[in-house]
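No lab work stands behind these numbers, since they all come straight from the coordinates. All of these numbers come straight from a predicted model, not from anything done at the bench. Cβ placement follows ideal geometry from the backbone for every residue including glycine, while neighbour counts extend to all protein chains displayed.
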Amino acid sequence: MQQAVHSISISTRGQGLYEFTDVLDRFVAESGIATGLVTVFVRHTSCSLLIQENADPDVQTDLLGFFRRLAPEGMDWLVHTTEGPDDMPAHIRSALTQTSISIPVVDEQTVLGTWQGIYLFEHRRRPHQRSVVLHIIGE
């Protein structure tokens with residue numbers, strides 16, 4: 001059994017989805033592991049990870065709109081407000097999505113579907129540097 005770990009930094013420009021499927025694919029291909037499991041983990045609490053359609057940008061627009069309505073800024077009952085009005089809604093959005101994703105690897109490639117991409121989902125309004133850890137294990 002072999003393992004490889006790599007950390008990447010993703011620069012965001014504010015709320016949105018930032019695809020990094022190509023970086024993940026390159027990591028898997030260079031790992032030398034033909035069959036296994038790759039785990040993607042984001043080291044933050046106000047952004048998350050998604051596997052989502054990467055063919056139609058309207059999907060991203062609709063997802064952003066949905067989460068803005070689901071956890072809007074300005075909820076007057078929130079207690080955690082010291083980091084700004086977008087911080088606690090960002091934590092709620094992150095709690096409703098995921099901070100870790102595992103994807104099978106077969107023939108040195110992830111088995112993502114034709115229209116699937118992996119995204120960092122930034123929930124804060126201002127730009128951030130986000131740290132994502134990639135870990136693969138297999139043979």
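Miscellaneous remarks
- Where labels lie 7 Å past Cα in the beta-carbon direction, separation of Thr21 and Thr82 in nm: 4.1
- With R₀ set to 41 Å, the beta-carbon distance separating Thr97 from Ala34 gives a calculated FRET efficiency near 0.85.
- Helix axis angle, 87-96 relative to the chain longest principal axis, alpha carbon, degrees: 40
- Nearest-ten-degree value, helix 21-31 long axis tilted from longest Cα axis of the chain: 30
- Tilt relative to the chain, helix 58-70 - C-alpha long axis, 0 to 90 degrees, to 10: 50
- With 5 Å bins from 0: P(r) over region 2-138, alpha-carbon pairs, percent: 2, 10, 20, 21, 18, 13, 8, 5, 3, 1, 0
- Rel. contact order, % - alpha carbon contacts under 8 angstrom, at least six apart, region 2-138: 56
- Of the peptides 113-122, 65-74, the ranking by mean beta-carbon count within 10 Å, highest at the top, reads 113-122, 65-74.
- For the chain, the mean residue ellipticity at 222 nm estimated from helices alone is -7500 deg cm²/dmol, where every DSSP H run of n ≥ 4 contributes -39500 (n - 2.57) and the total is divided by all residues, rounded to the nearest 500.
- Distance in nm between pseudo-label sites at Arg13 and Trp115 (7 Å out along the Cβ direction from Cα): 2.5
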